[in-house]
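Colleague: Submitted below is the structure of interest, expressed as structure tokens.
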Amino acid sequence: QSVALSVTQNYYQYIGEQAVVAAYKQTVAEDKASLDSAQLQQKSGMQTIADVLEAKSALAQANADLISAQAQVRADAAALAESCGLPPNQHIPVAPLDVHIPPPNITPSIDALIRYALHHNTTVSADAAQILEDRATVDADIAAGLPTLSLSATGGKRFQNGLLPSQNWSIGETLTVPIFSGFKQSYQIAEARAEERSSQASLDSEAQSVSLTIYQDYQTFLGAREAARAANLAVVSARASLAAAQAQYKVGLATMVTVLTDQAALTTAEQTQIQDITTSYVDLANLANALGLIGLPKKLPLGDNA
């Protein structure tokens, strides 16, 4: 379960950064087009050299951002390989992040998820098992200080040469009374009961922690999912605004500053969209881990309340 969570987190970090690289490549291409347009306008006398310098500066920054993002992709690829138990330089082919597909909905309610976790989370189950063990220890310590009565019965036949067989039967009762050995027995019982109370406290604390984790991951996922939808609209709007600014610049109705500003806005919107989508999937992985699952199913085996 721990390995699955680590692989999932590194996987989405990796494909998310790949999508960022793709966005930066598009930004570089757009900035190159802006530089070509500025140089053409400057040669025709419609714009000054200042536009060319601004376009060159923006292109240089876009290239720097692209190089940094590419380095981060390599680091993320190494982290994914390591979490899979492979050498860091082992290439793992993965499908790219599709930013046009929204994160899935969670069908079960938050209350159903919490109830499921309290019965299936591995840490909670371990604490519950420890309580049963401690209770058994208390019962055993109490029984060790009490008298015990046991019954026994035997029967058989004995054969000897030249003699008739003889039968032997016996029934017995044995009463065992423990001898007083100070207060050792009482101390053992008290210690065992203290261990049981401690285990119960650990179970209550862990159950509270798991419930809080599930609630937070659930709400974080819903927030990231809605943010991804809003970011998608922002990307569409920013792309249309950039196209309009580029067309206006070619006919002298907009400045290079406007074009570069719209380009930066589009890049920011795309990065936000990618971040929100990858965050939502990581939140899903965290939620599944808190539930005691490797993957989050659409429905949980919780009956009508699911």
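Just so you know, all these numbers are worked out from the coordinates, no wet-lab data involved. From a predicted model like this one, the values you see are computed outputs, not experimental measurements. Backbone-built Cβ (ideal geometry, glycine too); neighbour counts: all protein chains shown.
Colleague: Mind giving me the FRET efficiency for Ala4 and Gln70? R0 is 25 Å, r the Cβ-Cβ distance, nearest 0.05 is fine.
Modeller: On the way: r = 28 Å, r/R0 = 1.12.
For Ala4 and Gln70, the calculated efficiency is 0.35.
Colleague: Calculated FRET efficiency, His100 and Lys25, Cβ-Cβ r, R0 22 Å, to nearest 0.05?
Modeller: On the way: r = 18 Å, r/R0 = 0.81.
Working from the Cβ atoms, E equals 0.80.
Colleague: Quick check for you: which residues of segment 246-266 have the amide N under 13 Å from the point 7 Å beyond the Cα of Leu40 toward its beta carbon?
Modeller: The answer is 246-252.
Colleague: While we're looking at this one, here's another question. So, R0 is 22 Å and r is the distance between the beta-carbons of Ala194 and His119; what FRET efficiency does that work out to, to 0.05? Please list the in-between numbers first.
Modeller: Details: r = 27 Å, r/R0 = 1.22.
After rounding, the FRET efficiency stands at 0.25.
Colleague: What order do you get for 91-99, 75-83, 267-275 when each peptide is scored by the mean count of other beta carbon atoms within 10 Å, highest first? Walk me through the numbers on the way to the answer.
Modeller: Details: 91-99: 11.3, 75-83: 18.1, 267-275: 20.3.
Ranked by mean Cβ neighbours within 10 Å, highest first: 267-275, 75-83, 91-99.
Colleague: What nm value, rounded to one decimal, do you get for the distance between Ile171 and His91 when each label is placed 7 Å out toward the C-beta?
Modeller: In this crude label model, Ile171 to His91 measures out at 8.6 nm.
Colleague: Here's another thing I want to ask about it. Pop a pseudo-label 7 angstrom from the Cα along the beta-carbon direction at both Ala153 and Ala201 and give the gap in nm to one decimal.
Modeller: 5.1 nm
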